[in-house]
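S.K.: The structure follows.
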Amino acid sequence: MEIKTASGDITQIKAGAIVVNFFEGMKRPDGDLAKIDKALEGAISQLISQGEIKGKLGEITVIHSLGKLPAHRVVVVGLGKPPQLSQDKVRRLVAETCRLLRQKAVDSIATVAQGAGVAGINDESAAQAVTEGALLGTYLFRRHMTREAEHGEIKELIIVAADKAKLVPLRRGCNQGRIMAEATNLARDMVNEPANYMTPSQMAKTARKLATSYGLEVSLLEKKQMGELGMGALLGVAQGSREPPKFITLHYRGRNATEIDVALVGKGITFDSGGISIKPSKGMAEMKGDMAGGAAVMAALSAIARLKTKINAMAIIPATENLPGDSALKPGDILTAINGKTIEIISTDAEGRLILADALGYAKKLGARTIVDVATLTGSIRVALADIYSGALGNNQGLIDRLVSAAAAAGELIWPLPMHEGYGEKIKSDVADIKNVGTQYGGAITAAQFLAEFVGDTPWVHLDIAGTSLSEKEQGYLVKGASGVAVRTLVNLVLSLASSQSQEVG
Ligand code: BES
Ligand code: ZN
Ligand code: ZN
């Protein structure tokens, strides 16, 4: 879908549909809607007085113009009560409207910067929300389908402003929205791709492509180099599979300095069978998405580069399968990670923390000033927060707070969980420094406590997206399948780190 901006009179635009808003509590149409109402000989005022159009949040009314306007349809979308509107509500509603119109074979839409001027939403953030809603909500994964689609395709969406002066903020919002949404959809594609396609080598190839497209440096370490670096934990997980593991790094330099301001580390298990501690077969296919953290950090870094953010950032993705091959890791084995710490394996299914141990240790060794990791790490976070909130844990409250607000700006939800030495006690091993599983309870926390062993005192936050990386159904801008969660949150976080850093410098 192409998203454009234009100035002019929306009522005079020729399109499959023009989409305009109505707020709850309004008695009669005003502004553009009044003009449209007049052209439609009072059809809208009639629908209002008959109670069909109330302006309730999410109410969508489709009216055919039957030649009375250049556009074939007028779509009136209810935005609820003005003070309660938010950028995320706009995002969700635009997504739902676009899907409905696609179903009706509409291929071009004109709309306004929905919500602009209300509840603190400005032109730029409204345009961004409209763009994100449209691109995220109409996402489809059809790469492996040979049968024809049952729906049409929206080819064009134009955001129209009456006032020419608004074009600058609208374009800015549109551009930011497109970059955010395309990155999210890239992560969704990677997660939706089955494990026989999205292998560690394929993840590496995707990283190489992103590097070429957006001017990033890419490095792909092979088994031998992982060995030389002492990545015994990652190699331990990889040894059960014939697919070669890849240690992927992407480096974006947005300011003139050698330091790495922030390292984004993502779990890249392209399939998690559980290994020798094999998972039950029911629902195992879902584990093709166990690289959602890796996909998110890669996609986020591409957006950070496209936005020309003034920061030095890296994406680090340890990628491997977790399979029970004849040379697989076994419960009871002891591995040595990159920082020399020894790990007793209790369950080979707690593999995410093993590969992250080496990746976090690597980020730490490089001297990254801030580390954020994203992982589909534990079933336990799902028990605690279901598919609504992602869980955040870390060693720096300021960074956790920042991540939570970056998520809020993206319309994503993050809830902090506590860390405490008491949880650390639970992963002490009798035969090694630590073990990879604690006790039955508090699994998301003991997992984070395990990761903490590899970051030392570097400010670090861990985001567990095991509950939120997939959506069970179409809802708002989510569609069934990969959600692309964390991509927009990470971009917002890095933008915020960059802006406070530039203030520090002067
Ligand atoms: N990849 C899983 C976590 C997961 C569960 C992701 C559900 C998405 C949906 C992870 O590797 C895992 O298997 N964790 C185990 C750890 C346990 C053995 C300590 C878990 O949470 O059950
Ligand atoms: Zn596992
Ligand atoms: Zn896993």
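The values are calculated or read from the model by the stated rules, or taken from the named source; none is laboratory data. All values reported here derive from a predicted model rather than from experimental measurement. Cβ placement follows ideal geometry from the backbone for every residue including glycine, while neighbour counts extend to all protein chains displayed. For accessibility, only protein heavy atoms count, side chains too; no ligands or nucleic acids. Shrake-Rupley method; radii C 1.70, N 1.55, O 1.52, S 1.80 Å.
S.K.: Roll a 1.4 Å probe over the protein chains and send me the accessible area per residue for segment 2-162 in Å².
M.R.: Working: 7300 Å² over 161 residues.
For segment 2-162, the per-residue accessible area is 45 Å².
S.K.: Hey, for a label at Asp107 modelled as a point 7 Å past Cα toward Cβ, could you say which residues of segment 52-74 have their backbone N under 15 Å away?
M.R.: Once the point is set 7 Å along Cα→Cβ of Asp107, 72 turn out to lie under 15 Å by backbone N, inside segment 52-74.
S.K.: Tell me the angle of helix 443-452 to the major Cα principal axis of the chain, expressed in degrees between 0 and 90 and rounded to the nearest ten.
M.R.: Its long axis makes an angle of about 70 degrees.
S.K.: Restricting to Cα pairs below 8 Å that are 6+ residues apart, what does the relative contact order work out to for segment 391-459? Please round to a whole percent.
M.R.: 34 percent
S.K.: Something else now. Given the peptides 167-177, 372-382, arrange them by the average over their residues of other C-beta atoms within 10 Å, most packed first.
M.R.: Final packing ranking: 372-382, 167-177.
S.K.: Give me the one-decimal nm value for the distance between modelled label points at Gln475 and Lys164, 7 Å along each residue's Cα-to-Cβ direction.
M.R.: It works out to 4.6 nm between the two label points.
S.K.: Let me ask something else. Quickly rank 137-148, 385-396, 463-474 as a protection proxy: mean count of other C-beta atoms within 10 Å, highest first. Intermediate results must be reported in sequence, preceding the final value.
M.R.: Numbers: 137-148: 12.8, 385-396: 19.2, 463-474: 22.0.
In decreasing order of mean packing, 137-148, 385-396, 463-474 become 463-474, 385-396, 137-148.
S.K.: Largest first and in whole Å, what are the equivalent-ellipsoid semi-axes of segment 142-239 based on the Cα gyration tensor, each being the root of 5 times an eigenvalue?
M.R.: Values: eigenvalues 304, 95, 19 Å².
Ellipsoid semi-axes (Å, largest first): 39, 22, 10.
S.K.: Can I ask one more? Quick check on the chain: of the DSSP beta bridges with both residues there, what percent are antiparallel, nearest 5%?
M.R.: Numbers: 29 of 70 bridges.
That works out to approximately 40 percent antiparallel.
S.K.: Give the residue from Ala368, Met1, Met419 lying farthest towards the positive end of the charge dipole for the chain; charges sit on Cβ (+1 for Lys and Arg, -1 for Asp and Glu) and the dipole is referred to the Cα centre.
M.R.: Value: Met1.
S.K.: Helix 87-103 against the longest principal axis of the chain: what's the angle in degrees, Cα atoms only, rounded to the nearest 10?
M.R.: So the helix axis and the longest Cα principal axis differ by about 70 degrees.
S.K.: Another one. With only alpha-carbon atoms in the gyration tensor, what are the semi-axes of the equivalent ellipsoid for segment 2-162, in Å, largest first? Intermediate values should be presented prior to the final figure.
M.R.: Numbers: eigenvalues 118, 70, 45 Å².
Equivalent-ellipsoid dimensions as semi-axes: 24, 19, 15 Å.
S.K.: Could you size up the charge dipole of segment 2-162 around its Cα centre, putting +1 on the beta carbon of Lys and Arg and -1 on that of Asp and Glu, and report it in debye to the nearest 20?
M.R.: That gives a dipole near 280 debye.
S.K.: Enter the Cα centre distance for the pair segment 92-128 and segment 312-360, rounded to the nearest angstrom.
M.R.: 44 Å
S.K.: From the alpha carbon gyration tensor of segment 367-440, can you work out the equivalent ellipsoid semi-axes (sqrt of 5 times each eigenvalue) and give them in Å, largest to smallest?
M.R.: Numbers: eigenvalues 130, 56, 22 Å².
Three semi-axes, in Å: 25, 17, 10.
S.K.: Given 0.36 nm per residue, what is the gain on full extension from Lys428 to Tyr441 after removing their alpha carbon distance, in nm? Kindly include the intermediate steps, with their values, before the conclusion.
M.R.: Working: separation 13, 0.36 × 13 = 4.68 nm, distance 1.54 nm.
Difference between extended and current length: 3.1 nm.
S.K.: Could you give the nm distance between label points at Asp387 and Ala34, where each point is 7 Å from its Cα heading toward the beta carbon?
M.R.: 4.5 nm
S.K.: Round to the nearest 0.05 the FRET efficiency obtained for Ser49 and Ser281 when R0 = 56 Å and r is the Cβ-Cβ distance.
M.R.: Working: r = 58 Å, r/R0 = 1.04.
According to the calculation, E is roughly 0.45.
S.K.: Under 5 Å between amide hydrogens, which residues at least 5 positions from Leu377 or on another chain qualify, with H placed 1.01 Å from N in the peptide plane?
M.R.: Here Ile465, Ala466 satisfy the definition.
S.K.: Using the Cα atoms of segment 97-142, I'd like the radius of gyration and the largest Cα-Cα distance, Dmax, both in angstrom.
M.R.: Using the Cα atoms of segment 97-142, the pair Rg, Dmax is 12.2, 38 Å.
S.K.: Rounded, prolate or oblate, given the Cα gyration tensor of segment 462-506, with a/c below 1.5 counting as rounded? Display every interim value, and only then the final one.
M.R.: On the way: a/c = 6.27, a/b = 2.86, b/c = 2.19.
Verdict is prolate for segment 462-506.
S.K.: How large is Rg over Rh for segment 200-348, taking Rg from the Cα atoms and Rh as the Kirkwood inverse mean of 1/r across Cα pairs? Present the calculation step by step, with values, prior to reporting the outcome.
M.R.: Working: Rg = 16.3 Å, Rh = 16.1 Å.
Ratio of gyration radius to Kirkwood radius for segment 200-348: 1.01.
S.K.: Among Leu229, Met145, Ala162, whose Cα projects farthest towards the positive end of the dipole of the chain, with charges put on the beta-carbon of Lys, Arg (+1) and Asp, Glu (-1)?
M.R.: Selected residue: Ala162.
S.K.: Specify the inter-centroid distance of segment 449-477 and segment 153-188, based on alpha-carbon positions, in whole Å.
M.R.: 28 Å
S.K.: Do the alpha carbons of any pairs in Lys209/Lys330; Lys4/Lys81; Lys4/Lys209; Lys89/Lys166; Lys27/Lys480; Lys224/Lys480 sit beyond 32 Å of each other, and which pairs?
M.R.: Working: Lys209/Lys330 36 Å; Lys4/Lys81 28 Å; Lys4/Lys209 27 Å; Lys89/Lys166 22 Å; Lys27/Lys480 37 Å; Lys224/Lys480 39 Å.
Distance filter (> 32 Å) returns Lys209/Lys330; Lys27/Lys480; Lys224/Lys480.
S.K.: Also, I was wondering about something else. Among rounded, prolate and oblate, which fits segment 183-235 when a ≥ b ≥ c are the square roots of the eigenvalues of its C-alpha gyration tensor, a/c under 1.5 means rounded, and a/b larger than b/c means prolate? Display every interim value, and only then the final one.
M.R.: Working: a/c = 2.73, a/b = 1.45, b/c = 1.88.
Since a/c reaches 1.5 but b/c is at least a/b, the shape of segment 183-235 is classed as oblate.
S.K.: What dipole magnitude, in Debye to the nearest 20, does the chain give about its Cα centre under +1 on Lys/Arg Cβ and -1 on Asp/Glu Cβ? Walk me through the numbers before you get to the answer.
M.R.: Working: 57 positive and 53 negative charges, 256 e Å.
Its charge dipole is roughly 1220 debye.
S.K.: Angle between the Cα long axis of helix 167-192 and the longest principal axis of the chain, 0 to 90 degrees, nearest 10?
M.R.: Helix 167-192 sits at roughly 50 degrees to that axis.
S.K.: Turning to a different aspect of this structure: At a 1.4 Å probe, what is the % contribution of carbon and sulfur to the accessible area of the chain?
M.R.: On the way: 10550 of 20830 Å².
Reported share for carbon and sulfur atoms: 51 percent.
S.K.: Summing -39500 (n - 2.57) over the DSSP H runs of n ≥ 4 in the chain and dividing by its residue number, what mean residue ellipticity at 222 nm do you reach, to the nearest 500 deg cm²/dmol? Each step should come with its number before you reach the end.
M.R.: Working: 15 runs with 187 residues, N = 506.
After summing the helix terms and dividing by the residues of the chain, the value is -11500 deg cm²/dmol.
S.K.: From zero up to wherever the largest Cα-Cα distance of the chain sits, split into 10 Å bins and tell me the percent of pairs in each.
M.R.: The calculated distribution, bin by bin, is 4, 19, 28, 22, 14, 8, 3, 1, 0.
S.K.: Hey, which of these cross-link pairs are over 19 Å Cα-Cα: Lys14/Lys104; Lys54/Lys164; Lys310/Lys364; Lys38/Lys68; Lys104/Lys155; Lys54/Lys473? Write out the running numbers ahead of the final one.
M.R.: Values: Lys14/Lys104 17 Å; Lys54/Lys164 31 Å; Lys310/Lys364 21 Å; Lys38/Lys68 10 Å; Lys104/Lys155 14 Å; Lys54/Lys473 27 Å.
Where the Cα-Cα span goes over 19 Å, the pairs concerned are Lys54/Lys164; Lys310/Lys364; Lys54/Lys473.
S.K.: Charges on Cβ only, +1 for Lys and Arg, -1 for Asp and Glu, centred on the Cα centroid of the chain; of Gly115, Asn322, Gly16, which one is farthest towards the dipole's positive end?
M.R.: Gly16
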